[in-house]
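The values are calculated or read from the model by the stated rules, or taken from the named source; none is laboratory data. Computed from a prediction, not measured in an experiment: that's the story for all the values here. Quick reminder, even Gly has a Cβ in these numbers, built from the backbone with ideal geometry, and neighbours come from all protein chains shown.
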Amino acid sequence: MKPVIHVLTGCTASGKTEWALRWAERRNAEIVSCDSLLFYRGMDLGTAKPTAGERARVPHHLIDICDVTERMDVTHYVTKARAAVEAIEGRGRPVLVVGGSGFYLKSFFAPVADDVAVSPALRAEVRALSGSEALARLRSLNPAGLGELDVANPRRVTRALERCLASGRTLAELAEEFARQPGPFAPWTVKLTRLEQPPEMLAQRIEQRVAAMLQAGLVAEVRQLCGAGLRDNPSAARAIGYREVIDFLDGKLPESALAAEIARNTRALVKKQRTWFRTQLPEHREVPAAELTVAGLFGA
């Protein structure tokens with residue numbers, strides 16, 4: 001039998017942290033984060049990062065592992081997550097992955113990155129092309145068409161051209177090879193549960209979370225992080241809670257509108273998360289929070 005990885009996901013503010021702690025305590029498990037913002041030291045309040053007290057209850061992994069100026073991607077995440085999973089198993093303890101960052105979450109069920117290596121010289125050559133030149137060259141390398149590639153997205157066109165030139169293969173050939181790859185966690189059985197809150201309850205939880213973040217000092221946290229280079233990391237600086245406070249610090253948003261703007265953007269994120277869960281996740285258990293018990297989190 002394959003070893004098991006338990007994964008608990010759900011929308012922002014759905015209650016994953018507390019249920020994860022309860023289940024992990026009962027099972028003597030360790031938690032591996034699957035949240036793309038918990039990697040960063042100092043991004044505590046705006047991410048609702050598990051507190052020091054919560055982390056004392058259960059060992060956590062992949063939290064506070066890099067500075068805000070460092071970049072993380074799914075390839076680095078998979079390497080670190082596999083190492084954490086293997087170490088936890090080596091201690092004879094269950095593994096619980098917790099989070100809702102889609103691309104990172106998907107790595108537990110499918111391949112998410114190919115092994116095409118692009119040299120710095122080739123990358124510079126492609127980046128020197130204009131958008132129309134890059135698209136024209138990509139079309140010339142793919143006479144059968146570009147499939148579902150979003151040709152209106154310059155970044156995706158550039159990336160596709162780099163991969164075609166580096167590999168000597170068409171996008172269709174690359175896609176076929178990619179589909180045959182085993183996922184990085186194929187040696188494990190993955191049991192997935194999605195925690196679901198009623199829309200009105202989730203909206204209330206979001207309002208309460210935003211108020212608590214601001215009261216606890218979110219503005220001061222963001223001001224300090226900006227001094228540490230937060231703005232140099234676009235993916236972190238544009239995270240909900242942080243981008244609104246940066247706008248406030250820059251005079252683009254009045255303080256009186258800060259809470260409402262963060263809550264509004266969080267609700268929009270939840271809508272996107274629900275769509276992603278519905279279309280991208282494999283078959284899984286969807287558990288209404290009101291019906292959940294610790295023993296029944298993953299079925300039996």
Conditions (1) touching a residue at least 24 places away in the same chain (Cβ under 8 Å); (2) surrounded by fewer than 17 Cβ atoms within 10 Å (Cβ to Cβ); (3) not β-branched (Val, Ile, Thr) -> Asn142 fails only (2)
By residue number, the members of region 246-284 that are crowded, with 17+ Cβ neighbours inside 10 Å and of a type in the set (Gly, Ala, Ser) are Ala259, Ala263
request  = For region 82-104, indicate whether the set of residues that are touching a Pro at 6+ places or on another chain (Cβ under 7 Å) and within 30 Å of Tyr40 (Cα to Cα) is non-empty.
outcome  = yes
Of the listed residues (Val287, Val294), the one being assigned to a loop (DSSP other than H, G, I, E, B) and either surrounded by 13 or more Cβ atoms within 10 Å (Cβ to Cβ) or in contact with a helix residue (DSSP H, G or I) (Cβ under 7 Å, 6 or more places away or on another chain) (or both) is Val294
For region 1-49, the count of residues that are over 15 Å from the mean Cα position of the chain (by Cα), within 21 Å of Pro187 (Cβ to Cβ) and surrounded by 21 or more Cβ atoms within 10 Å (Cβ to Cβ) equals 3
**Message:** For region 201-211, check the following and say yes or no: at least one residue is out of contact with any strand residue (DSSP E or B) (no Cβ under 9 Å at 6 or more places or on another chain), under 24 Å from Ser36 (Cβ atoms) and surrounded by fewer than 13 Cβ atoms within 10 Å (Cβ to Cβ).
**Reply:** yes
Report task. State whether one or more residues within region 216-237 are surrounded by 15 or more Cβ atoms within 10 Å (Cβ to Cβ), among the polar types (S, T, N, Q) and in contact with a helix residue (DSSP H, G or I) (Cβ under 6 Å, 6 or more places away or on another chain). Result -> no
Pairing a residue in region 36-53 that is outside the structural domain of Ile262 (by TED's automatic domain parsing) with any residue that is crowded, with 22+ Cβ neighbours inside 10 Å, where Cβ atoms lie under 8 Å and the two sit 6 or more apart in sequence or on different chains, gives none
Listed by first then second residue, the pairs whose first member lies in region 12-31 and is closer than 14 Å to Ile88 by Cβ, whose partner is among the aromatic types (Phe, Trp, Tyr) and surrounded by 19 or more Cβ atoms within 10 Å (Cβ to Cβ), with beta carbons under 9 Å and at least 6 positions apart or on separate chains, are Ala29/Trp23
The number of residues in region 259-269 that are in contact (Cβ under 8 Å) with a residue 40 or more places away in the chain and under 13 Å from Arg209 (Cα atoms) is 5
Note: among Thr158, Thr189, just one is out of contact with any Cys (no Cβ under 7 Å at 6 or more places or on another chain), touching a residue at least 60 places away in the same chain (Cβ under 8 Å) and either under 24 Å from Gln273 (Cα atoms) or among the hydroxyl-bearing types (Ser, Thr, Tyr) (or both), namely Thr189
Over region 197-222, the set of residues touching a residue at least 24 places away in the same chain (Cβ under 8 Å) and either acidic (Asp, Glu) or over 15 Å from Ile240 (Cα atoms) (or both) is Gln197, Pro198, Met201, Leu202, Ala203, Arg205, Glu207, Ala216, Gly217, Glu221
Within region 16-35, residues of a type outside the set (A, V, I, L, M) and either over 29 Å from Thr69 (Cα atoms) or not assigned by TED's automatic domain parsing to the domain that holds Arg223 (or both) come out as Glu18, Trp19, Arg22, Trp23, Glu25, Arg26, Arg27, Asn28
Over region 23-47, the set of residues in a loop (DSSP other than H, G, I, E, B) and farther than 29 Å from Leu225 by Cβ is Asn28, Ala29
Taking first residues from region 94-112 that are without any contact (Cβ under 8 Å) to a residue 24 or more places away in the chain and not assigned by TED's automatic domain parsing to the domain that holds Val190 and second residues anywhere that are surrounded by fewer than 20 Cβ atoms within 10 Å (Cβ to Cβ) and part of a loop (DSSP other than H, G, I, E, B), the pairs with Cβ under 8 Å that are 6 or more apart or on different chains are none
Residues in region 1-22 that are outside any strand (DSSP E or B) and either modelled with pLDDT of 95 or more or closer than 18 Å to Arg209 by Cβ (or both) total 12
